[in-house]
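The values are calculated or read from the model by the stated rules, or taken from the named source; none is laboratory data. These figures come from a predicted structure and were not determined experimentally. A quick note on method: Cβ atoms are made from the backbone with ideal geometry, for glycine too, and the neighbour counts reach across all protein chains shown.
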Protein chains: 2
Amino acid sequence: MSRQFRMLTPFLSFLLAIAAMAPIGQSDEGMWAFNHLPRQQLKAKYDFEPTDAWVNHVMKSAVRFNSGGSGSFVSSTGLVLTNHHVGADTLHKVSTAGNDYYRQGFRARTQADEPKAPDLELNVLQSIEDVTTRVTAAVKPEMTPAAAFAARQAVIATIEQESLQKTGLRSDVVTLYQGGQYHLYRYKKYTDIRLVWAPEFAIAFFGGDPDNFEYPRYDLDVCLFRAYENDQPAKIEHFLKWSKAGAADNELVFVAGHPGRTDRLNTMAALKFNRDIRLPYILDWLRREEIMLQQYSQDGEESYRIGKEDLFGVQNSRKALLGQLAGLQDAGILAPKAKAEEALRARVAADPRLKAEYGSAWQRIEQAKQVQTELLQEYSVLETRQGIGGALFSIARTLVRLAAENEKPNTQRLREFSDSARSSLVLQLYSSAPIYDDLELAKLTDSLGYLTEKLGADSPLVQAILAGKGPAARAADLIAGTKLKAVAERERLAKGGTAAIESSTDPLIQLARLLDPAARAIRKKYEEQVVEVERQAYGQIARVLFEVEGPDRYPDATFTLRLSFGTVKGYLENGQRIPPWTTMGGAFDHAARHGNRDAWVLPESWHQHRSKIAAATPYNFVSTCDIIGGNSGSPVINRAGEFVGIIFDGNVQSLIGNFVYDETQNRAVSVHSSSIIEALTNIYDAADLAQELGK
Amino acid sequence: MSRQFRMLTPFLSFLLAIAAMAPIGQSDEGMWAFNHLPRQQLKAKYDFEPTDAWVNHVMKSAVRFNSGGSGSFVSSTGLVLTNHHVGADTLHKVSTAGNDYYRQGFRARTQADEPKAPDLELNVLQSIEDVTTRVTAAVKPEMTPAAAFAARQAVIATIEQESLQKTGLRSDVVTLYQGGQYHLYRYKKYTDIRLVWAPEFAIAFFGGDPDNFEYPRYDLDVCLFRAYENDQPAKIEHFLKWSKAGAADNELVFVAGHPGRTDRLNTMAALKFNRDIRLPYILDWLRREEIMLQQYSQDGEESYRIGKEDLFGVQNSRKALLGQLAGLQDAGILAPKAKAEEALRARVAADPRLKAEYGSAWQRIEQAKQVQTELLQEYSVLETRQGIGGALFSIARTLVRLAAENEKPNTQRLREFSDSARSSLVLQLYSSAPIYDDLELAKLTDSLGYLTEKLGADSPLVQAILAGKGPAARAADLIAGTKLKAVAERERLAKGGTAAIESSTDPLIQLARLLDPAARAIRKKYEEQVVEVERQAYGQIARVLFEVEGPDRYPDATFTLRLSFGTVKGYLENGQRIPPWTTMGGAFDHAARHGNRDAWVLPESWHQHRSKIAAATPYNFVSTCDIIGGNSGSPVINRAGEFVGIIFDGNVQSLIGNFVYDETQNRAVSVHSSSIIEALTNIYDAADLAQELGK
């Protein structure tokens, strides 16, 4: 699934994610929080008992890419290993028409040659603190959902801000178990990140969209960055040592990464909402984006270069979500979920105390889903990434809201404008990443058309937005008139506050102002009538499950650090045994089987160095580790805490993993550690980097 | 627009098309019926008076491709010229893995080498008879819409069947002016059609999807068939003589062809329905089809060969409909329509007699559109091509319905099963065209998923259809189990009637039976509550317009023969003058400008013969002729009734032509007659064919 593992956007996930709680499987299931590891299971099944030192070391070696993915420190000199497709955002931003590092690969010969990412933030988890009591105490039972949401938001903002002031660390309160618990995560931040090495796109994404989410695979989906502090390579205490042999057959392995979102605690009403409403809706939009980006990319070689990162991301999401939907449409998959829910509800109904305390949860979620269905179109086009598209409008909206939010106390702001979130927001807002007019135009045109379809062309808001023109002509005016490409202009507007915004004649600022009241109104409705109601109801469900089935359960994914575990192991597909391993030599065979064409053209470097490559080197492998989008780039670790591989994909059978984990079929796909060294040494003339990795 | 000019399917158009009536422009607007030509306009603007002989000759030289397009006889020896993309359906069906005539082109060296199309029917109009009085007399004012629909259907079936019996000609009663008039069209049919010559796909569709609907263009979008009778080349009395010089600058030209559908009589309620409901809905489906077919085509070279005809058709429709939608979303385009409607309604409201007779029309259409909106999803997945996909299911459904319809009298059958339609239906049903399992599987899987989304996975019908499996697994079972690929099995079931159908264990027959009651029910609702109501209401509107503005107006397109007229003339685009002409030499420059790659790779034959090609030969040209999808392949004719070119596309500005014609911008794009001769003689080594064309 490569790209599915990069989150769509952290912001979207932040808005939509509903941390869920799932029952423990008897299997390798689970994405466990670092302060709540499955110690008994590990001991029982694998005879492994992680020490505190082991846990602390792994936790501080794991890196979150805030662009949406995972990685790890792999040297004391600041080297961060991640997937090529996680680095793609930066690879794309540091490329130019003449130097397409994303496509051709990149190698910094010296540290001075390492280009700086314009807006990349890495987070390294330092500690977790349970703040459930304080958060839930702020919400009184008698409060309306609106008051409850505001109170909760306020206490969270306060906790975060206090922590930031006290520790200087990025401080996020994370909603776990969909509202069952609240934990404070503190991160060390790195914002000076530079590109060290990347292979060619052709080998990183070998097999392209057709091979994506398939196995066996032959992808070198890796790249190396270096974290800097004070303009010097960061000195890293906790980094993963490179294993001598790498992952081995049937070996116990761990994945330490940042799964973005799962929905395993979903009630049946929520699953059906996903199946019948949400996924079909998003998929229609993704297909639309895909066609739009394809059309754009056909305009010539430079358009292709500019558009491809977005295009591949959208294709990946489309394939991932289609896999989720197909799973939900299979009655065989939902039946056990329905049965389990029925049993739990019956048990609750049969016990007066349980009934009084938890009995209303399912009905409340069902009602919230009805409200969400009603709000869906308007909310999506006014407040999510299905709304008005392009980097420039996004900047305009941030500026408009920043001015307004700055006039409020920290506790009353929209969450992404809180004090604790501020520096990350500013990093994005003042990014010097290139913005391409014609791509902006394509996105703006299409998204104005989409908004017009969803709100109806007769809507007064739409008529005001289009200003008497068709979407294409209006978009052309907006792009021609805006000055927001200039970072200095953004700074000027941000510093000028409300007065600067209100007097701005920039057409995108004016458009963002026009939209803002309606967007805020629908967001408020959504937060109060969906998010808050579900948070309370899932809180009930989480508590009843803890009470009835015990505390040994992991929370749904929340793009926070988790530990998964499992075994390197193949699987059966249509009666055929799929072996866990591929080899580097196999890549040449795989290319030949596909006529060495289209997505199966190996890069020149591989052909040139073919005789030097040890063909039997383990290349990609699968394990039963439970992962999902956001885990891309996560290190795979052995008992000794050493680096043995890097997650980059899941098999197609893993896509339903958003809702259900099935150990017989679900497999995480990794690049083996040995192949990375082999490639650096014998293909990419980078023995020095291999050495820096300790090999 | 090339492919837009091929109709989506005649059947769909038949179900959906609502013949509309538009006011006469002061311009070259209009697709005129051959029994109602704009003689005064032609005289006034062009000093041209067509004789009856001219009209009769042109009418009988024009050919309708029932696969969805137009063409013309161009020799006494049965040669029929059409577009490559109109012939594509047949080119694809006569191709095999080793012989991809669609892609590589084709040349029959002798008549014995001309391969026969498996299911192509050509129609040549012989006469038109006004049967309005008889049809409308059958529908009494006091009838409910349901009774009215049945009565109208019955009288139409009777008229058609009587005419068929009397003349032996295919006889279709056509609804004109959306219900204002009913005319009986009689056609001579040709069903033994053989392929003579086609150029390579690369030059027929040079510039591909990016150039589609763009101008200037450089496409040799032509191919030649030959009609046979009694296993001999048909002897053709009326065929178009090849003009010596071809079309010239500022020359008056005519287009005689079969525009598929326009909606120019649409009321504002109907336009808004198209803008806000229908077009967005179909576009979502088209994008879905496009992605599905792309995915299928990526599976390898043979998949690419098999899938591309469908894929290009879908891409064409997507681009065409997006152009329509963009036009409707432009307030500047709808405003004059709104104003005209308002004025007419005010005039009707002010006159008690007009008000009593016509006043209710607009409100009735608005109500019909509300009903159509409610029925849309269910109707589309159960009864249109957005339903269960693939050739095999379509065969199964035809067999199931055939058995049932055969037990009813002719007047009570579903229209496509009437006596007069029977032979065309059977030609399709027993077609020997290849059917590819894996494409069937891809279509069936995706369409079962689509149906599940639209009807909801909890719908009992969906659960019965999926039989406890997911769409992919269910589709695999259906394809593995059916025997309908064998024509003999289809014949056996058709001959066995209801007993054979009811005892059939073929899973697709069983699926079609399962679906049929619901499909018939929704169709009945749609016909009675939408089609019939609109037919009556548009009948009112047509009559009031005739009364108020006079009889000189053309009916909306109905995939029947029409004559358009206009001038060879360029246009302005973003202030730039676009010249009417391109040349064959220009094709090489156009390729070079696009790096001679992707869709701009000229075929080897052009490079080989470059020195022999007269570079200045006129190649493609534009005219103001008013055309739309279905006109593809229409001959362009001069005053002398000679062939001067062939329609294959419209510019992007013409897409809104479905609703509004604008002479300043709307252009029809043609291949010039001279370039066809030049290509046959100096590129394709086919001087003999050029000679047969009289050159």
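Some notes on this structure:
- Test result for B:A368, assigned to a helix (DSSP H, G or I), within 14 Å of chain A (Cβ to nearest Cβ) and closer than 29 Å to B:E528 by Cα: no
- Test: B:G630 is out of contact with any Gly (no Cβ under 9 Å at 6 or more places or on another chain), modelled with pLDDT of 95 or more and on the phi > 0 side of the Ramachandran plot: no
- Any hit, region A:507-517, residues being closer than 30 Å to A:Q367 by Cα, out of contact with any Cys (no Cβ under 9 Å at 6 or more places or on another chain), more than 14 Å from chain B (Cβ to nearest Cβ) and in contact (Cβ under 8 Å) with a residue 40 or more places away in the chain: yes
Quick grid of which residues meet (1) farther than 30 Å from A:M143 by Cα; (2) more than 25 Å from the chain's Cα centre (by Cα); (3) away from chain B (no Cβ under 14 Å):
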position	(1), (2), (3)
A:D419	no, no, yes
A:L429	yes, no, yes
A:K443	yes, no, yes
A:E453	yes, yes, no
A:Q463	yes, yes, no
A:I501	yes, yes, yes
A:E527	no, no, yes
A:V530	no, no, yes
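- Residues being not basic (K, R) and not in a helix (DSSP H, G or I) - total across region B:413-432: 5
- Test: residue in region A:563-575 that is within 14 Å of chain B (Cβ to nearest Cβ) and part of a loop (DSSP other than H, G, I, E, B): yes
- The numbered conditions (1) of a type in the set (D, E); (2) within 9 Å of another protein chain (Cβ to nearest Cβ); (3) touching a helix residue (DSSP H, G or I) at 6+ places or on another chain (Cβ under 8 Å) are all true for A:E301 except (3).
- Among residues that are out of contact with any helix residue (DSSP H, G or I) (no Cβ under 8 Å at 6 or more places or on another chain), aliphatic (A, V, I, L, M) and farther than 30 Å from B:G327 by Cβ, A:L402 is not included.
- A single entry from B:V155, B:V135 fulfils the requirement of being in contact with a helix residue (DSSP H, G or I) (Cβ under 8 Å, 6 or more places away or on another chain), part of a helix (DSSP H, G or I) and more than 24 Å from B:R562 (Cβ to Cβ): B:V155.
- Test result for A:V314, touching a Phe, Trp or Tyr at 6+ places or on another chain (Cβ under 6 Å), assigned to a helix (DSSP H, G or I) and either more than 8 Å from every other protein chain (Cβ to nearest Cβ) or more than 17 Å from A:R385 (Cα to Cα) (or both): no
- Take the conditions (1) touching a helix residue (DSSP H, G or I) at 6+ places or on another chain (Cβ under 6 Å); (2) surrounded by 24 or more Cβ atoms within 10 Å (Cβ to Cβ); B:F621 misses just one of them, which is (1).
- Count - residues of region B:326-342 that are under 25 Å from the mean Cα position of the chain (by Cα) and facing chain A (nearest Cβ under 7 Å): 2
- In region A:278-289, the residues that are over 19 Å from the mean Cα position of the chain (by Cα) and either within 9 Å of chain B (Cβ to nearest Cβ) or crowded, with 20+ Cβ neighbours inside 10 Å (or both): A:P280, A:D284, A:R287, A:R288
- In summary, B:T175 fulfils each of the numbered conditions (1) surrounded by fewer than 20 Cβ atoms within 10 Å (Cβ to Cβ); (2) β-branched (V, I, T); (3) closer than 24 Å to B:Q529 by Cβ with the single exception of condition (1).
- Scope region B:208-220; condition part of a loop (DSSP other than H, G, I, E, B) and either facing chain A (nearest Cβ under 10 Å) or surrounded by fewer than 21 Cβ atoms within 10 Å (Cβ to Cβ) (or both); matching residues: B:E214
- The lone exception for A:V255 - which of (1) touching a helix residue (DSSP H, G or I) at 6+ places or on another chain (Cβ under 6 Å); (2) assigned to a strand (DSSP E or B) it fails: (1)
- The set of residues in region B:589-632 being of a type in the set (D, E, K, R), within 14 Å of chain A (Cβ to nearest Cβ) and part of a loop (DSSP other than H, G, I, E, B) consists of B:R597 alone.
- Any hit, region A:391-399, residues being free of Cβ contacts under 8 Å to residues at least 12 places away in the same chain, within 14 Å of chain B (Cβ to nearest Cβ) and either touching a strand residue (DSSP E or B) at 6+ places or on another chain (Cβ under 9 Å) or in a helix (DSSP H, G or I) (or both): no
- Answer residue from region A:627-647, given it is within 19 Å of A:T262 (Cβ to Cβ) and among the hydrophobic types (A, V, I, L, M, F, W, C) and is surrounded by the most Cβ atoms within 10 Å (Cβ to Cβ) among those: A:I627
- When A:G307, A:G260 are checked against the criterion of being more than 12 Å from chain B (Cβ to nearest Cβ), buried (at least 22 other Cβ atoms within 10 Å of the Cβ) and in a helix (DSSP H, G or I), a single residue qualifies: A:G307.
- Entirely in region B:433-512, the helices (runs of 4 or more DSSP H) that have 1 or more residues that are in contact with a Pro (Cβ under 9 Å, 6 or more places away or on another chain) and basic (K, R): B:437-455
- Within region B:128-145, residues that are hydrophobic (A, V, I, L, M, F, W, C) have Cβ atoms under 6 Å from residues that are in a helix (DSSP H, G or I) in these pairs: B:V131/B:I159; B:V135/B:V155; B:A138/B:A151; B:A138/B:V155; B:V139/B:A148; B:V139/B:A151; B:V139/B:R152, counting only partners at least 6 apart in sequence or on another chain.
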